[in-house]
1. Conditions first: (1) buried (at least 18 other Cβ atoms within 10 Å of the Cβ); (2) out of contact with any helix residue (DSSP H, G or I) (no Cβ under 7 Å at 6 or more places or on another chain). Residue 252 passes all but one, so which condition is the exception?
2. Quick one: in the stretch 102-122, of everything that is out of contact with any helix residue (DSSP H, G or I) (no Cβ under 9 Å at 6 or more places or on another chain) and part of a helix (DSSP H, G or I), which residue is modelled with the lowest pLDDT?
3. Within the stretch 134-155, is there a residue that is over 16 Å from residue 283 (Cα atoms), over 19 Å from the mean Cα position of the chain (by Cα) and in contact (Cβ under 8 Å) with a residue 40 or more places away in the chain?
4. How many residues, within the stretch 40-64, are touching a residue at least 12 places away in the same chain (Cβ under 8 Å) and closer than 25 Å to residue 282 by Cα?
5. Just need a number here: residues in the stretch 181-218 that are at pLDDT 75 or above, part of a helix (DSSP H, G or I) and surrounded by 14 or more Cβ atoms within 10 Å (Cβ to Cβ).
6. Which condition does residue 83 not pass, out of (1) in a loop (DSSP other than H, G, I, E, B); (2) at pLDDT 75 or above, if it passes all the others?
């Protein structure tokens with residue numbers, strides 16, 4: 001079962017004095033690229049959080065955001081009375097004014113407030129980890145749901161290519177005969193006498209160069225392998241991408257060898273379906 005690389009997960013946890021919000025968003029990318037936005041006091045735990053994310057999300061451009069909002073009376077900031085008084089005294093020397101207004105100005109000055117470095121509480125961090133895991137579960141559910149839609153579309157495109165290939169196989173004898181008749185007419189237009197046996201030998205050799213039997217067999221095998229890979233338990237967009245490249249090679253070769261307008265029209269339709277497959281695969285995990 002395939003998964004999309006696009007997804008979103010969110011978890012909100014309320015602690016006695018803090019509200020923890022975790023948001024994880026993912027977009028398609030060749031590799032895993034995690035961009036973390038977390039409060040400075042939790043920076044020492046960033047690597048641990050990144051490891052948790054990388055174990056769950058193997059590919060994609062990941063935006064991870066951690067918001068911690070204080071909802072109680074707890075605070076790590078305190079006023080420096082001596083510094084504030086000094087500022088007020090200096091301001092009085094400059095201008096006469098109401099002490100309340102001078103106080104408002106003083107507390108905005110540098111060092112008027114001091115913030116103690118808060119140590120990370122292990123219980124609190126455990127709650128953060130649980131919130132991250134919950135958001136990861138949600139984003140993986142989102143990816144799986146998106147993957148089902150992608151899987152349905154990919155299977156449809158593969159079936160369309162398979163159907164077009166069967167039409168190519170059906171008209172192949174007609175194509176060979178048309179090439180044969182075109183060559184005979186070309187020789188007849190030259191109004192030259194030719195050795196019929198030699199001409200038939202050259203004709204067979206020429207037509208063999210345009211034989212597409214191997215390409216048809218290989219393309220059928222690639223289509224079958226693609227279907228098997230979609231239905232496998234793991235999601236491997238890279239593998240499906242490699243198979244689609246091989247499919248493209250066979251379709252292009254059939255087109256270059258066809259030399260027959262009705263077959264070339266079918267090849268163009270196969271190429272169109274394959275391009276749609278490749279576009280979808282860019283977003284497959």
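The values are calculated or read from the model by the stated rules, or taken from the named source; none is laboratory data. Fair warning: this is a prediction, and the values are worked out from it, not measured in the lab. When we count neighbours, we look across all protein chains shown, and the Cβ atoms used for this are built from the backbone with ideal geometry, even at glycine.
1. (1)
2. So the residue we want is 104.
3. Of all residues in the stretch 134-155, those over 16 Å from residue 283 (Cα atoms) come to 134-138.
Within this subset, residues satisfying the condition of being over 19 Å from the mean Cα position of the chain (by Cα) are 134.
Filter once more, so that each one left must be in contact (Cβ under 8 Å) with a residue 40 or more places away in the chain: 134.
Yes, because at least one residue in the stretch 134-155 is over 16 Å from residue 283 (Cα atoms), over 19 Å from the mean Cα position of the chain (by Cα) and in contact (Cβ under 8 Å) with a residue 40 or more places away in the chain.
4. Residues meeting the conditions: 13.
5. 3
6. (1)
Results for (1) over 30 Å from residue 238 (Cα atoms); (2) at pLDDT 90 or above; (3) more than 32 Å from the chain's Cα centre (by Cα); (4) not in a strand (DSSP E or B), shown as yes or no for each residue.
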residue	(1), (2), (3), (4)
10	no, yes, no, no
35	no, yes, no, no
42	yes, no, no, yes
49	no, yes, no, yes
54	no, yes, no, yes
74	yes, no, yes, yes
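The rows are residues; the columns are (1) touching a strand residue (DSSP E or B) at 6+ places or on another chain (Cβ under 9 Å); (2) in a loop (DSSP other than H, G, I, E, B); (3) closer than 18 Å to residue 163 by Cα.
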| site | (1), (2), (3) |
| --- | --- |
| 220 | no, no, yes |
| 223 | no, no, yes |
| 233 | no, yes, no |
| 245 | no, no, no |
| 252 | no, no, yes |
| 256 | no, no, no |
| 263 | no, no, yes |
| 272 | no, no, yes |
